[in-house]
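What follows is one structure encoded as structure tokens, with my remarks underneath.
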Amino acid sequence: MTRPLTEPPGGVLMWLIVALELVTFAMVFTLIGVLRMQQPALFHAGQAALSSTVGLVFTLLLITSGLLAAEAVHAYRLTRTHRAQRFLFAAIALGLAFVAFKLHDTAGHLAAGHRLGVDDFWDAYFLGTGFHLAHVLVGLVLLSVVAFRLHRARPPELETVAAVALFWHLCDLAWFFLFPLFFARA
Amino acid sequence: MRLLTWAALVGLAGVAVASGRPFVAVSLGGVKALLVGFEFMELRHAHRLHLALFSAGIVALTALLAFLVTR
């Protein structure tokens, strides 16, 4: 069934936020792309310190967490609240795994002497992935609030759960474009 | 469909890493973004205009980044 123009899935407000965030991410990606185009040797050298396998693990954690969030919305729509809550907690667990792995990976880079201010590659890497990580943290807070409220006397509306999942999927979308800019190299 | 979409996303992520080519990885990133939009963000049930705007935005961003990584 097609929804009316005034009722996008997840609600108008969250779609406005998602659209604004996507535009902001697009500007960040463009800036990184321009830096990469201007300084190919620097980016090639910087990318040698990054593992595409690590990038793949980040991707798998995010897309699996995204699947679980989508399943939670579907279960909640069918009024299967316990199942929806389990899916949300599983999505949060994978999101936390992403954060832990990201912090561990970042600590490794810092220990190797790669930090902000060293060169444009590492500035772009830390600011780009840091901006993404900030969104993941906000998404985790939103998912947690909704997950813990599912069994309250006044549970959240379906649209609220869908809106929070929508924000979580934004983190997937952003990562799909960050990944090739830093981890893909010939 | 959601599980199939997830399997496709995993497959495309693997191909992007295996190819190692930025142009391919950016293009596949665009495909993955469209898949997430259609299925996980439920845009395939949305009004056609929402679907069209989202798709146009993703295609434009993918084209721009593909251009930049191939310069």
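The values are calculated or read from the model by the stated rules, or taken from the named source; none is laboratory data. Not measured: the values here are computed from a predicted model. Neighbour counts run over all protein chains shown; Cβ positions are idealised from the backbone, glycine included. To get the accessible areas, we keep the full protein, side chains included, count just its heavy atoms, and leave off ligands, DNA and RNA. Shrake-Rupley method; radii C 1.70, N 1.55, O 1.52, S 1.80 Å.
Of (1) open to solvent by less than 70 Å² (accessible area, probe 1.4 Å); (2) more than 7 Å from every other protein chain (Cβ to nearest Cβ); (3) at pLDDT 95 or above, residue B:51 satisfies all except one. Which?
The failed condition is (3).
Taking residue A:55 as meeting all but one of (1) farther than 19 Å from residue A:175 by Cα; (2) assigned to a helix (DSSP H, G or I); (3) within 8 Å of another protein chain (Cβ to nearest Cβ), write down the number of the exception.
(1) is the only condition that residue A:55 fails.
For region A:33-53, which residues satisfy the criterion of being open to solvent by less than 40 Å² (accessible area, probe 1.4 Å) and within 22 Å of residue A:112 (Cα to Cα)?
Selection gives A:36, A:43, A:46, A:47, A:50, A:52.
Please enumerate the residues belonging to region B:13-39 that are surrounded by fewer than 19 Cβ atoms within 10 Å (Cβ to Cβ), facing chain A (nearest Cβ under 8 Å) and touching a Lys or Arg at 6+ places or on another chain (Cβ under 9 Å).
B:20, B:21
When region A:35-59 is examined, which residues are found to be among the hydrophobic types (A, V, I, L, M, F, W, C) and more than 14 Å from residue A:177 (Cα to Cα)?
Once the filter is applied, which keeps residues that are among the hydrophobic types (A, V, I, L, M, F, W, C) and more than 14 Å from residue A:177 (Cα to Cα), region A:35-59 yields A:35, A:37, A:41, A:42, A:43, A:45, A:48, A:49, A:50, A:54, A:57.
Collect the residues in region A:1-25 that are crowded, with 16+ Cβ neighbours inside 10 Å and free of Cβ contacts under 8 Å to residues at least 60 places away in the same chain, keeping them in residue-number order.
Result: A:8, single match.
Which of the residues belonging to region A:122-165 are open to solvent by less than 10 Å² (accessible area, probe 1.4 Å) and modelled with pLDDT under 95?
Result: A:150, single match.
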